[in-house]
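The values are calculated or read from the model by the stated rules, or taken from the named source; none is laboratory data. Note that the structure is predicted; figures quoted are calculated from it, not measured. Cβ coordinates were reconstructed from backbone atoms using ideal geometry, including for glycine residues, and neighbour counts include every protein chain displayed. Side chains included, ligands, DNA and RNA excluded: accessible areas come from the protein's heavy atoms. Shrake-Rupley method; radii C 1.70, N 1.55, O 1.52, S 1.80 Å.
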Amino acid sequence: MNPKSSLLDFNTFGIDVSCRSIIELTNLDVLEDYLANSPSRFLILGGGSNILFKSDYDGDILLNKTCGIEISNENEDSVEIKVASGENWHDFVKWTVDRDYAGIENLALIPGSVGAAPIQNIGAYGVEIKDVLQTVEYFDLNEKCLKILRNEDCGFGYRNSVFKNELKGQVFIVSISIKLSKNHSPKLEYWALKHFLEEHSISNPSIKDVFNAVVAIRQSKLPDPAKLGNSGSFFKNPLLTGEEFDVVQEKFPAIRFFETDDHQFKIAAGWLIEQCGWKGKVVGKTGSHKDQALVLVNYGGATGEEVWNLAQAIIASVQEQFGIRLEPEVNIL
Ligand code: EPU
């Protein structure tokens, strides 16, 4: 029997759990071979940046190591790029910014792999991957064949997609294709971004300016997982209907929120958590980050169970004080 493999270096929370074995998927053939040899339980992992392991994983971890970026179509105005799922997301964003292709510069510095991007429809500073995504190519783990899904069939929502629902655990995302523009029209609606550019007297920002601004804003309040274990926002920002929101706002007029295009109200979970006194609080080896309450951190040596206990305590106090139920954004295993 093989000795168990440690997952410490493969989850950004830095939780020291083990699995049966770690297999590197450098291409699709490795996956097909693995599946042909009647595997038991397995989990496909990209950057491990959106997962909390509560205990050892009783199965194999398939690490996505596929790579490749190619321009599949191009004209005067736009470019279509096909990128392998194992590529690092931020490095890919940088690749596009270096070539002056516009569309994902607001999504700089999001940890994780390209393949994970459509699963949770990554988003930041007013842009989501669904805004530029054309297709997702995936390997159907049941039918053992390649399939392609168009954007409109991906069921995209706020941090949500078909890959978290109907297709959960049934696909290996092979590549995504996105369409970027050669004519830059920056998306600067997000307050923090607009404010940063104004403060730095940048009135007509280039793609690189927006990219640099997003990097600076993120670095100023989000802890670097290489230094302090975390998985970014631990919870989703809760969505309330107009009626639900009116009730809450009447009681808490200072509540931070944002009205969505479909007239729902997205509440700043970081604000709710801060109001309950959790911001910067250290609980054993875990805590809520001092600069962004929505980020739970591992100060070193925390177990997944400890982080999860903290998360549950936060959920309970936000529920008690505001009557709003927080839901994890991170996958809990
Ligand atoms: N706020 C507080 N206290 C805090 C944190 C935030 O009062 O401790 C308030 C801020 O003052 C602000 C509002 O909450 O008015 C929004 O805060 P912020 O701009 O930091 O964004 P967020 O809603 O907390 C979301 C995403 C982030 C993304 C940013 C920027 C979710 C769950 N999180 O955070 O995504 O980077 O917007 O677009 O939607 C991630 O998914 O891991 C992630 C980091």
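Evaluated at q = 0.11, 0.15, 0.21, 0.24 Å⁻¹, a Debye calculation over the C-alpha positions of the stretch 198-265 (equal weights, vacuum) places log10 I(q)/I(0) at -0.51, -0.82, -0.93, -0.97. Derived from the Cα gyration tensor, the three semi-axes of the equivalent ellipsoid of the chain are 31, 28, 19 Å, largest first.
Heavy-atom accessible surface of the stretch 113-202, averaged per residue, reaches 49 Å², computed with a 1.4 Å probe.
Descending by average beta-carbon neighbour count within 10 Å, the peptides 48-55, 21-28 line up as 48-55, 21-28, the highest first.
Assuming charge only on the beta carbon of Lys and Arg (+1) and of Asp and Glu (-1), the dipole of the stretch 287-333 about its Cα centre is about 80 debye to the nearest 20.
How large is the charge dipole for the chain, taken about the Cα centre, if only the Cβ atoms of Lys, Arg (+1) and Asp, Glu (-1) carry charge, to the nearest 20 debye? Before the final figure, lay out each step's value.
Working: 32 positive and 46 negative charges, 178 e Å.
About 860 debye.
Across the stretch 269-333, Cα-Cα distances exceeding 20 Å account for 19% of all pairs. Residue by residue, the stretch 130-145 carries 3J(HN,Hα) couplings of 4, 5, 10, 6, 9, 9, 10, 9, 9, 9, 6, 5, 7, 7, 6, 8 Hz when phi is fed to the Karplus relation 6.51 cos²θ - 1.76 cosθ + 1.60 (θ = phi - 60°); x denotes Gly or Pro. Can you give me the C-alpha center-to-center distance between the stretch 21-51 and the stretch 77-111, rounded to a whole angstrom? If we compute the Cα centre of each part, the gap is 25 Å. Toward the positive end of the charge dipole of the stretch 228-333, with +1 on the Cβ of Lys and Arg and -1 on the Cβ of Asp and Glu, the farthest Cα among 304, 247, 284 is that of 284.
For the stretch 250-297, a Kirkwood hydrodynamic radius built from all Cα pairs, placed in the Stokes-Einstein relation at 10 °C and 1.306 mPa s, yields a translational diffusion coefficient of 134 µm²/s. Using C-alpha pairs under 8 Å with a sequence gap of at least 6, the mean separation divided by the residue count of the chain gives a relative contact order of 17 percent. Surface composition of the stretch 1-128: carbon plus sulfur atoms contribute 45% of the solvent-accessible area (1.4 Å probe, protein chains only, all chains present).
For the stretch 297-333 versus the stretch 189-209, the inter-centroid distance based on Cα atoms is 33 Å.
Is the shape of the stretch 13-64 rounded, prolate or oblate, going by the alpha carbon gyration tensor and its root eigenvalues a ≥ b ≥ c, with a/c under 1.5 for rounded and a/b larger than b/c for prolate? Cα axes put the stretch 13-64 in the oblate bin.
Rg/Rh for the stretch 190-333 stands at 1.01; both radii use Cα atoms, and Rh follows the Kirkwood definition.
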